[in-house]
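The values are calculated or read from the model by the stated rules, or taken from the named source; none is laboratory data. It should be emphasised that the depicted structure is a prediction, and the values quoted were computed from it without experimental measurement. Heads up, the Cβs are rebuilt from the backbone with ideal geometry, glycines too, and the neighbour counts pull from every protein chain shown. Side chains are part of the model used for accessible areas, which takes the heavy atoms of the whole protein and leaves out ligands, DNA and RNA. Shrake-Rupley method; radii C 1.70, N 1.55, O 1.52, S 1.80 Å.
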Amino acid sequence: QVQLVESGGGLVQAGGSLRISCAASGRTFGAYAMGWFRQAPGKEREFVAAITWSGGYTAYADSVKGRFTISRDNAKNTMYLQMNTLNAEDTAVYYCAADRRPIYSFKASEYDYWGQGTQVTVSS
């Protein structure tokens, strides 16, 4: 069982930066692929970024590629999402998720554990 807790969300001006974190409990964190998803009001949850168990491979949605960076520190059981050049379209609740397999997926349905989410609001 893995419990995930996001933090670091908040209000930021357009063009600004924010780093959100996902702290995981459980000794098997280092064996799981991890992902970030987001959900804006009235929209479906969408894939943002993912990272393999070792951190050696990452993937990004086209809408955030070049602006966001996903990383993880297995020694600290923590995953991060550095978000730069934010715009109003990035406003959403951001969720971290863990996949018991070592290789990530782009599909939310394939993730096994979810955090409660952290709100990111970008003012224009």
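How many of the residues in the range 36-47 are open to solvent by 20 Å² or more (accessible area, probe 1.4 Å) and in contact with a strand residue (DSSP E or B) (Cβ under 9 Å, 6 or more places away or on another chain)?
Adding up the residues that qualify gives 7.
Yes/no matrix, rows are residues, columns are (1) touching an Asp or Glu at 6+ places or on another chain (Cβ under 6 Å); (2) at pLDDT below 95; (3) open to solvent by less than 30 Å² (accessible area, probe 1.4 Å):
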| residue | (1), (2), (3) |
| --- | --- |
| Glu6 | no, no, yes |
| Ser25 | no, yes, no |
| Met34 | no, no, yes |
| Ala49 | no, no, yes |
| Ala59 | no, no, yes |
| Gly66 | no, no, no |
| Asn74 | no, yes, no |
| Tyr95 | no, no, no |
| Ile103 | no, yes, no |
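Look through Gly15, Gly42, Gly55, Gly66 and report the one residue that is out of contact with any His (no Cβ under 9 Å at 6 or more places or on another chain) and in contact (Cβ under 8 Å) with a residue 40 or more places away in the chain. Even if it seems obvious, please write down each step before you answer.
On the way: Gly42 fails: in contact (Cβ under 8 Å) with a residue 40 or more places away in the chain; Gly55 fails: in contact (Cβ under 8 Å) with a residue 40 or more places away in the chain; Gly66 fails: in contact (Cβ under 8 Å) with a residue 40 or more places away in the chain.
Being out of contact with any His (no Cβ under 9 Å at 6 or more places or on another chain) and in contact (Cβ under 8 Å) with a residue 40 or more places away in the chain holds for just one of Gly15, Gly42, Gly55, Gly66, which is Gly15.
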